[in-house]
Every structure is written in C-alpha cells, then in structure tokens.
Amino acid sequence: MPFDVAIIGSGFAGSLMSLLLTRLGRTCVVVDRQSHPRFAIGESSTPLADMALRDIAKRYDLPRFAPLSKYGTWMAAYPHVMRGLKRGFSYFDHEPHQPFVPRPDHANELLVAASTNDATSDTHWLRSEVDMFFAGESVAAGVPLFENTTLARLQRTESGWELSGHRGSEGQSAEVNIQACFVIDASGEGKVLARTLGIADDKHLLKTNSRPLYAHFKDLTPWREMLVERAGAVQDHPFDCDRAALHQVFRGAWMWQLRFDSEVVSAGFAIDAGKHPLNELQTPQQEWDRWMEQYPTLREQFSRAEIVNPPRGLVRGPRMQRLMAQGAGQDWVMLPHTAGFIDPLHSSGIAHSLFGIERLAHIFEQHWGQETLAAELEEYARIVRLETQLIDLLVAGCYAGTVDFRLFTAMCMFYFAGTIACERARCDSPFHPDRYFLNANDPAFRQAAATGFDRLQNLLAANSTGRDIDQFTDYVRDAIAPWNTANLMNPAAKNMYRHTAARK
C-alpha cells in the first residue's frame, strides 16, 4: 500500500507536518538527503511563532511541543535542547570607518521588546538540536524517516507518486522506492518539486536582493559590554540587547547576532547584492575581513571570536530570495519556506512556516479525499505568495532605509505594526483561515506598506534633507496609526519600546 503523504525534508517544519498528518489519520513517510544533527540557520523565533506552536500543540494533541513556546517552560522541560533567550529586537547603526559612539538620546539605537519577562520570552532555536528533536518526535510517533537519501526521480503514477533513489553513502547505498498519493515539499532552498515539475522561480519580481555570509562563533564579546565601555546608557534599555535578535546596521547591509545559552553566537552579514555585488575573486574570509575593516567597533567586538561551526568555516551564499511561480497542485504542495523566502531581517521564517503548517493541517482535516482539496490548496498557495510578497516589501524598505538610521527605523515600524496587529488578533482566537501572517489579509495595511515603500524610493531619488526625513517619519507615524496599539514612533520613547508584547 502506498503512503498517503511523502514529505521531502525533515527539518522542524517537515517533521511537524508529518505529526499533524498522523494525528489526522494519514500515513506518512519523511525523506531527507542529510541526517541529524546538521548545521542550519533560520534560528530566531517570535511571539507569532510561539502562539502558533502553542495552538498547534493543543489542537492536535502534541503536548511535548507546548513547552517550546516559551523560554521558561522550554528550560524546565528540555534543558538539553539548546536555545537562546530572545527578549525582543535590538538595532545599532554604524557609520563606515567610524567607531560606534552611543548617543544619550539613543538616536543610533532601537530596542523593541517582544516579551515582558524572561520566562515568557521568545527563543533562538539552535537548529541542529531543535530540528533533531522534532524529527525524533516524528519517528517516535511511527513515521518512517529515510535519512541520507538522495532522490534521483519523482514520477507521477496512476496512484499518485513514485519517489526513487538511494540511501546511504557510495559503496554502501541501498535503493529506495516509495509510493505515495501526495507529496509535500519541505526541502526549502532544495526546491525539489520545483525542479521536478519545471516550476519557475519568480524572484525577479521581488524587491529584496540580499546574500548571506555567516557562521557560529565562540568568545564573541557581548555588545552590551561594548556599550558600557563607551558610556552607553544601557540602563535605558528595556532588556539586555544581547538577549535579543541583535542587528548591527550598515549602509546596504546588516549583521545578525543571536546568542544561545551556551554563549555560542550565530552571526552573519546579510548584504544588499545590488549595492555590494559578490566578488568571486575574494574568499568568504577575505570578504568578512573587508567588512570588519570598515567598521572598527565591530572589528573590536570580534577580535577574540572563533568559528565553531560549520567545520569548513564561513558560509557564503548566493541571493537568498525565492518565489515559486506555483506553490501547490492537486496532489502536491510546498511549505512556505520552500514556496518562497526573503531574508532573516524580521525573524519571520519560523513563524511563517508554522502559520503555513497550521493552514495546511486545517485544509487536510476538512478536505482530504474530497474534490474541494485542489481548490483549497490553490488558495493556500495564493495566501503564502501574498504573505511572502508582503515580507519582501517590509524587508526591502528597511534595506533602502539603511542610508539613514531614521529612515531604517521608520520602515521597521511597518513590520512591527503588522506583527503586533497579527499578535493581538491571535490573542482573541486561535487559527482562523481568514487571518494571514503579518496582517497580510488586511488590504489597507498592505497598501500602507506599499505607499511607504514608494515614498521612500522617491525621497531617496531626490536630494533629500533632514526636513524631508522628518516629514517622512511623520508620514509613517500617521500611516501605521490604525494598527499601532503599542505607541510606536512616540518621540518621547527615544527608540526604546518596553510595552509592545502581546499576551501569550
């Protein structure tokens, strides 16, 4: 008998999808070309991710996942699964070839709280351990997992799909042949179904064009220590800026720093490829060093740091963005991180995946085996594409705004307004099919973000002055007002926002 569903990819998203389908009475198999544990990025959670995971665990009777929705319960239940404390988002603006000097008015800083205390805080996920935990739960529930399996062919048959390939290393491999009625692609950038079906990548339609350069480090000096040494007013911070998704902001680039409880730090540049094209003649290390030379305080922060993962050293990738022209068919579907991806700037990856998994589970629960399934999957794909395009708009505006931190901060507020609106709606009720990720279901919000992006482009094309920037900031404040329940952009806050967290 064929499996009901074959899932390609055993990261947290594919593994969790297999568990939900199992709870719905479907037979599943998971296939992955690698094995656990394995190095991966996409590590920063958010309140929306926590809420979705909590609700999924409750609705589908998966109590072992509920503790992962808060830092305190995670620590109590699974101290052996590495994580980091994420109290919110912190940003620090750097001028090229100038030391970072904290300002008393915090004009070159931005801190936005996402929780009120450590216990209810969000988390950074050490993906090598978290993905292995999710995959282990799937296997424990009876789902077969074919690791180290290379699929040579995916072919449609009368009963659905045939997946064939080999498992294991050269000289010790065995043939694999899997029959399934339905295929879910959770391979992310592997884009297995897109390659099989000849589906085009519409990334040329996206505004964001960024590329990564990253690794995991030990002995990285906490940024708070750097601020204290420079007489920074850290007592004004609503939380420890290192216990957050910390962003170092540069002209046409930014760096993430995610500190785990082991004090290992995931750090990497996300670089605007239009402003800073890849130089193939430079090694990843040479490019890293070039960025460090431009920003002396960052160079000092990394002076003792050493790479601990991956073993080969720094990872440099091509353009990160993807947007598949088709995200679903009558007997297949892509999870959100396969159908599209933009950039880690707003920590949207984990939450977007969980929102998509939740939506798909609802569809399978209501429409599996019915003629309505194909239409529901098509609608799912439309929604994921719409959400991805909104993320693109929110991210691209911030990249454009890196020329001046006031512009960058203003463009960030569209994201925070959207996520806070989505969080508050989620507090009122769990999943609803008419509610999209980041408030993307609201055409007025999408239009406000699009108009803000266009206005920013016009401002940058002109010889803008400080007065123009102030007027743009005033415009954004007015534009987000219908969704701004957290008093964002209040000048009295001086870029320090303590009370934006929704109830979990």
> Just how large is the dipole of segment 304-452 about the Cα centre, in debye to the nearest 20, putting +1 at every Lys and Arg Cβ and -1 at every Asp and Glu Cβ?
Replying inline: 720
>> Within 10 Å, Cβ to Cβ, of F146, how many net charges do the neighbouring residues add up to if Lys/Arg are +1 and Asp/Glu are -1?
In response: 0
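In the chain, what % of DSSP beta bridges are antiparallel (nearest 5)?
Values: 55 of 76 bridges.
The antiparallel fraction comes to roughly 70 percent.
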> Which distance in Å, rounded to a whole number, links the C-alpha centroids of segment 308-371 and segment 18-69?
Replying inline: 13
> Going by alpha carbons, how many degrees (0 to 90, nearest 10) lie between the helix axis of 12-23 and the longest principal axis of the chain?
Replying inline: 40
> Cα axis of helix 127-140 to longest principal axis of the chain: angle in degrees, 0 to 90, nearest 10?
Replying inline: 30
> Taking θ as phi - 60°, what are the ³J(HN,Hα) couplings along segment 188-194 by the Karplus curve (6.51, -1.76, 1.60), each to the nearest whole Hz, with x for Gly and Pro?
Replying inline: x, 5, x, 6, 4, 5, 4
> If you put +1 on each Lys and Arg Cβ and -1 on each Asp and Glu Cβ, how big is the dipole of segment 92-143 around its Cα centre, in Debye rounded to 20?
Replying inline: 60
> Which entry is the computed percent of Cα pairs over 34 Å apart for this structure: (i) 43; (ii) 34; (iii) 56?
Replying inline: (ii)
> Over 31 Å between Cα atoms, which of K70/K207; K86/K494; K203/K494; K70/K218 qualify?
Replying inline: K70/K207; K203/K494
> ³J(HN,Hα) across segment 110-125 via Karplus (A = 6.51, B = -1.76, C = 1.60, θ = phi - 60°), whole Hz, x for Gly/Pro?
Replying inline: 8, 10, 10, 6, 10, 8, 9, 7, 5, 4, 9, 5, 6, 9, 8, 9
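Per residue, what volume in Å³ does the convex hull of the Cα atoms of segment 421-489 enclose?
Values: hull volume 5.5 nm³, N = 69.
Hull volume over Cα atoms, normalised by residue count, gives 79 Å³.
For G349, what is the net charge nearby, where nearby means another residue's Cβ is under 11 Å from its Cβ and Lys, Arg count +1, Asp, Glu -1? Let's see the in-between values first.
On the way: positive: R127; negative: E43, D343.
Result for the neighbourhood of G349: -1.
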> Along the positive direction of the dipole of the chain (beta-carbon charges: Lys, Arg +1; Asp, Glu -1; about the Cα centre), which of V176, N209, M75 reaches farthest?
Replying inline: M75
> In the calculated pair distance distribution of segment 279-391, what percentage of Cα-Cα distances lie above 24 Å?
Replying inline: 48
> Dipole of segment 254-357 (Lys/Arg Cβ +1, Asp/Glu Cβ -1, origin at the Cα centre): which of L314, Q301, L278 lies farthest to the positive side?
Replying inline: L278
> Hey, if you put +1 on the Cβ of every Lys and Arg and -1 on every Asp and Glu Cβ in segment 372-460, which of A400, F431, T388 ends up farthest toward the positive end of that dipole?
Replying inline: A400
>> What's the magnitude of the charge dipole for the chain around its Cα centre, counting Lys and Arg as +1 and Asp and Glu as -1 at the beta-carbon? Answer in Debye, nearest 20.
In response: 320
> Going by alpha carbons, how many degrees (0 to 90, nearest 10) lie between the helix axis of 443-461 and the longest principal axis of the chain?
Replying inline: 50
> How do 261-269, 206-214 rank on mean C-beta neighbours within 10 Å, highest first?
Replying inline: 206-214, 261-269
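Net charge near C241: determine it from the other residues with C-beta under 12 Å of the C-beta of C241, scoring Lys and Arg +1 and Asp and Glu -1.
Numbers: positive: K86, R87, R224, R243, R259; negative: E109, E225, D236, D240, D242.
My count for the surroundings of C241 gives 0.
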> Under the Karplus relation 6.51 cos²θ - 1.76 cosθ + 1.60, θ = phi - 60°, what is the ordered set of whole-Hz ³J(HN,Hα) values for segment 481-497, x standing for Gly and Pro?
Replying inline: 3, x, 10, 8, 8, 10, 6, 5, 6, 6, x, 5, 6, 6, 6, 10, 10
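Pull out a ≥ b ≥ c, the square roots of the eigenvalues of the alpha-carbon gyration tensor of segment 238-283, then state rounded if a/c is under 1.5, prolate if not and a/b is larger than b/c, and oblate in the remaining case.
Working: a/c = 5.26, a/b = 1.93, b/c = 2.73.
It comes out oblate by the Cα gyration axes.
Taken together, the values in this text are just the output of simple stated rules run on the coordinates, not laboratory data. As the structure is a computational prediction, the values presented were derived from the model and not from experiment. Cβ atoms come from the backbone with ideal geometry, glycine included; neighbour counts cover every protein chain shown.
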